[in-house]
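Just below is one structure, and these are the notes that go with it.
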Amino acid sequence: MSLFDCVSPGPPIEVLHMKNRYEEDTSKLKINLTVGGYKDDHGDPWVLPVVRETELAIVSDPRTNHEYLPALGTEAANQAAVQLLLGDCAATREGRAFAVQSLGGTGPIRVGAEFLQQQIGCRLARYSDPTWINHRDIFVKSGFADVKTYPYWSNLTRAPDFDSFYQCLETSPPYTVFLLHAQAQNPTGVDPTRDQWRKICLIMKRRNLIPFFDCAYQGWASGDMEEDAWAVRH
C-alpha cells in the first residue's frame, strides 16, 4: 500500500476542464470562449509583438542571469508595477507603497490573503457572485474562517445589483476583506461607474472594511492604463 493511497483527486477546475474539452473536440466548427487569451485565426496562442520583443531583449542582455532573486522579487520590476498601478500620488512619493513579486494568475491573491489572515488577523472574506471559484478556495486555504459571496450580478435584471452590494457592505463586520475587481469584472465584464465606486469607497471607509483589488486587466478594459487604474487610485 502506498502512503498516497488516501489522496483523492480534487474536482476539475472549470475553466481548464472546458479548455481540455475544447482541445479534445474533433469538430472543425469550434471556438474556445473560456480562457481569456489572444488567439490567431487557427486558434493558436498569439504573443503580442511588444511581449516578444521584450522577451528577446531580456534574454539577449548580458546582465541577465539566473541568480536567486531578493525575498520580495526584482526591485526594478516591483517599483515599475507600483508606479503603473498607483501613479504619482502621496503613497508613492512618500515611499509608503511597495510590491512583492509573486506567481502570475491568482498567486498574488494567495500571498495577500495569507498576509491579511496571519498579520492583520482578518477572518472574514467576501468574493463576488459570480466569479471564479478559486477565489473562494484561496481564502479558505489561507485560513479564513468565514468565506462567502457578496451579491454583484442579478440574473433577473441582467445587470449589477448595487443596492444589494451596498447592503452587504453596510452589514459586514469591520475588517471583512472584500475581493474587488479593479476593472473588467470577471466574468460579467460590467464595472461600477465612478459614482458607484465612490459610494463603495465611502461605505468601506466608514465600516472599516478592507478592499482587496484583483487588478488583472489594466489597460485592456478601456484601452487606457490610467482610466483602468481609477478605482484603485481613488
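Note on the stretch 150-228: with charges restricted to the Cβ of Lys and Arg (+1) and Asp and Glu (-1), its dipole about the Cα centre is near 360 debye. If you build a Gaussian network model of the chain, linking Cα atoms that sit under 10 Å apart, which residue out of F139, F162, F212 swings the most? Judging by the Gaussian network model, the answer is F162. The accessible surface of the chain, taken with every protein chain in place and a 1.4 Å probe, is 56 percent carbon and sulfur.
Exposed loop sites were defined as trypsin sites (Lys or Arg not before Pro) in DSSP loop states (anything but H, G, I, E or B) carrying at most 14 other C-beta atoms within 10 Å; in the chain the longest segment without such a site runs 159-234. Partners of K30 within straight-line reach, counting aspartates and glutamates whose Cα lies under 16 Å from its Cα and excluding those fewer than 8 residues away in the same chain: D40, D41, D44. Average accessible surface for the stretch 1-108: 88 Å² per residue, computed with a 1.4 Å probe over protein heavy atoms with every protein chain in place. Summary of the geometry: the stretch 1-25 and the stretch 58-75, compared by the centres of their Cα atoms, lie 34 Å apart. If R₀ is 25 angstrom, what is the calculated FRET efficiency for the pair V47 and K19, using the beta carbon separation as r and rounding to 0.05? Once the sixth-power term is evaluated, E becomes 0.90.
With 28 Å as the limit, the listed pairs K39/K141; K39/K148; K148/K199 have K39/K141; K39/K148 beyond it between alpha carbons. Of all DSSP beta bridges confined to the chain, the antiparallel ones make up roughly 20%. Helical runs (DSSP H, four residues minimum) scored at -39500 (n - 2.57) apiece and divided by the length of the chain put the mean residue ellipticity at 222 nm at -10500 deg cm²/dmol. Using the Cβ-Cβ distance between N32 and L72 with R0 set to 35 Å, the FRET efficiency works out to roughly 0.45. Using a probe of 1.4 Å, the accessible surface attributed to C6 totals some 110 Å² when neighbouring protein chains are kept in position.
Name the longest site-free stretch of the chain, where the excluded sites are GluC sites (Glu not before Pro) in a DSSP loop with no more than 10 other beta-carbon atoms within 10 Å.
Values: sites that count: E67, E94.
It runs 95-234.
Overall, the stretch 36-104 carries a charge dipole of about 260 debye about its Cα centre when +1 sits on the Cβ of Lys and Arg and -1 on the Cβ of Asp and Glu, all other atoms neutral. If you average the alpha carbon positions of the stretch 130-163 and of the stretch 190-234, how far apart do those two centres end up, in angstrom? Here the two parts' Cα centres lie 17 Å apart. In a Debye calculation with equal point scatterers on the alpha-carbon sites of the chain and no solvent, what is log10 I(q)/I(0) at q = 0.13, 0.16 Å⁻¹? Values, matching the q order: -1.02, -1.42.
The values are calculated or read from the model by the stated rules, or taken from the named source; none is laboratory data. This is a predicted model, so every value here is computed, not measured. Ideal geometry is used to build each Cβ from the backbone, glycine not excepted, and the neighbour counts take in all protein chains shown. In case anyone asks, the SASA skips ligands and DNA or RNA and just uses the protein heavy atoms, side chains included. Shrake-Rupley method; radii C 1.70, N 1.55, O 1.52, S 1.80 Å.
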